[in-house]
Amino acid sequence: MKDSTSDGNNKTTSTDSQHQDKNSENNNQKPPQETSCNKNRHSLQAPPLEPLLLTVTDITQYYYCPRKFYFLKVLQVPYTTRRKMEVGKEEQERERKRLKERKDRFGYPPEQIQNIVTTQYIESPQLGLAGQIDLTLELKDGTLVPVEIKYTDTPTIQRQWKKQLTAYTLLLEHKHNKKVTKALLYFTEQNKTIPVEITEEDKTFLKKDIERLNHLLKSELVPRRTDEAKCRYCEVARYCT
């Protein structure tokens with residue numbers, strides 16, 4: 001019985017020839033077209049992550065105690081607000097209502113004031129900062145003056161409060177595109193107003209503070225503890241050993 005194999009070395013069997021024909025057909029076929037579903041799947045990419053915004057409170061907490069900032073911002077431990085903090089918020093609200101009754105507004109006569117903005121929240125992705133200002137005086141000459149209301153037994157300019165006011169001036173500059181160089185601390189218990197000058201050097205250091213705190217967040221290193229006398233008033237002292 002004769003098979004289909006050729007006698008010559010350069011000739012293929014009829015079976016091999018059939019396989020070659022099929023391969024040739026497959027090679028000539030066009031690749032499958034991308035469907036709309038595939039296109040949509042490729043185009044659905046996760047949006048870039050928003051940069052983390054530090055709050056002005058983060059900065060004041062850090063300068064009160066770096067470890068307190070770590071517990072609240074990095075570990076996000078639960079805590080209970082102390083009564084003194086609640087009283088302070090109540091005093092702030094009462095002071096806003098008393099403004100209309102006062103003959104002057106934190107040392108400024110009413111005729112110099114164009115407007116008073118209360119509880120103003122500002123975000124600045126460029127600075128990486130956000131915060132809410134208790135009060136902002138808008139004077140008729142265009143000057144902006146942030147006011148921080150404090151309920152405390154020690155009516156002095158503390159370091160963390162100076163940082164807080166510096167952060168507010170930066171946020172106001174970002175929003176209004178004008179220089180802000182003055183701020184006020186008002187102490188409700190003593191009915192005392194202290195003017196605070198904010199320099200360009202203060203603002204430069206504050207921007208460096210933002211970089212330092214962001215680095216701390218990324219490193220997750222436990223920072224040093226501050227003066228132990230402050231622990232009596234700290235909401236997270238029980239976590240600190």
> Label 7 Å along Cα→Cβ of ASP104; region 179-196 residues with amide nitrogen under 16 Å?
Replying inline: 183-187, 191-196
> Which order results if HIS176, HIS215 are arranged by neighbouring Cβ count within 10 Å, fewest first?
Replying inline: HIS215, HIS176
> Computed over the Cα atoms of region 94-182, what is the ratio Rg over Rh, Rh following Kirkwood?
Replying inline: 0.96
>> Using Cβ counts within 10 Å as a stand-in for footprinting exposure, how do CYS240, CYS234, CYS65 rank, fewest first?
In response: CYS240, CYS234, CYS65
> Label-point separation (nm) for THR204 and THR81, each offset 7 Å from Cα along Cα-to-Cβ?
Replying inline: 3.8
> Any idea what % of Cα-Cα pairs in region 54-239 are farther than 21 Å?
Replying inline: 52
> Rounded to the nearest 0.05, what FRET efficiency do CYS240 and SER219 have when you use their Cβ-Cβ distance and R0 = 22 Å?
Replying inline: 0.75
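Which ordering of SER124, SER219 is given by a fewest-first count of other beta-carbon atoms within 10 Å? Write down the numbers at each step before the final one.
Numbers: SER124 17, SER219 10.
In increasing order of surrounding Cβ atoms, one gets SER219, SER124.
Bear in mind that the values in this text are calculations on the coordinates, not laboratory data. Because the structure is a prediction, the values reported are computed rather than measured. Glycine gets a Cβ as well: all are built from the backbone with ideal geometry, and neighbour counts include every protein chain shown.
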